[in-house]
Structures are given as C-alpha cells and as structure tokens.
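The values are calculated or read from the model by the stated rules, or taken from the named source; none is laboratory data. As the structure is a computational prediction, the values presented were derived from the model and not from experiment. Positions of Cβ are backbone-derived with ideal geometry, glycine not excepted, and every protein chain shown enters the neighbour counts. Side chains included, ligands, DNA and RNA excluded: accessible areas come from the protein's heavy atoms. Shrake-Rupley method; radii C 1.70, N 1.55, O 1.52, S 1.80 Å.
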Amino acid sequence: MSHPQPLTPEETLAEAKKLLSLPRIVVICGSTRFMTEMAEAEVRETQAGRIVVKPGCDLKSPHELWADPAEARALKVRLDELHRAKIRLVDEVLVVGDYIGDSTRAEIAYARSLGKPVRFTHPEVDPDA
C-alpha cells in the first residue's frame, strides 16, 4: 500500500480555505502613491465578494511611527516582508496604478514564482506583457 505524499504548506492552506468555505482572497499591490486608488479597488473587490488585504502603512505620508529616518528604514524592511506574507496567503494579486516601481515589480515576480494569478488595473504596465 503506497502512502500519499504529505501536503505542502501551500496545499494545506488551500485545503483549509476550501474547508472553511472562504471567498477568494486578493492582495492589492502597487506604489503607495496610489493609496486612494487602492482604497477604491478595495471597495470594488469587496463588493465583488472577495476578501481584500492591502498595504496598511504609507511611509510617504507623515506619521509619528516613522518620523525617525532610521525607524522608517527598518520599518520598510519589515513591511516588505509582511507584504510577501500577504502574497503567500492570498489566491490572487491585484496591481493598482499606471506605474510599476522596483518594489511592486519584485512583488509581481514573487507572486508569479508562487503561481499566483496577477491582475492589473492598468494591464499595459505588466512587466511581463
């Protein structure tokens, strides 16, 4: 009698999401210059029945938590890792905005390396198009 291969962590998560009857989960990616557009995309994705996760901090806007430049640099590293965790969690990625910077380009490549579908509000900016 052969034993089935154990599930990967990704397969275990996908099975758990099915068992919980969770709707599709989408992460919004893009430059924080598009925070207003991200909020609009969140409304539209939510209205369409999807769970939405997105950047929670805009380091370009003043805030006491990242007023110190050294703190801001350290926070950026932590936020980038947190966003990669969001990408691992979700079913798909939505890239917002008509500009793709280095961070967003890296997020797209990471998502695609994991086999996650990637949608764009502006498909012409897809680095792989």
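For the range 5-95, the per residue solvent-accessible surface stands at 64 Å², with DNA, RNA and ligands left out and a 1.4 Å probe. For GluC sites (Glu not before Pro), no site in the range 74-120 is both called loop by DSSP and has at most 16 other Cβ atoms within 10 Å.
Only one item in [x] 1.42; [y] 1.03; [z] 1.07 matches Rg/Rh (Cα atoms, Kirkwood Rh) derived from the coordinates shown, and that item is [y].
Peptides 113-123, 7-17, 96-106, ordered by how many other C-beta atoms sit within 10 Å of their residues on average, highest first, read 96-106, 113-123, 7-17.
With a ≥ b ≥ c the root eigenvalues of the C-alpha gyration tensor of the range 1-75, is it rounded (a/c under 1.5), prolate (a/b larger than b/c) or oblate? Note, shape of the range 1-75 comes out oblate. The lysine pair tally for the chain, using Cα distances under 17 Å and a gap of 8 or more places or different chains, is 9. With runs of 4+ DSSP H residues as the only contributors, calculate the mean residue ellipticity of the chain at 222 nm using -39,500 (n - 2.57) per run, divided by the residue total and rounded to the nearest 500. Using -39500 (n - 2.57) per qualifying helix, the result is -14500 deg cm²/dmol.
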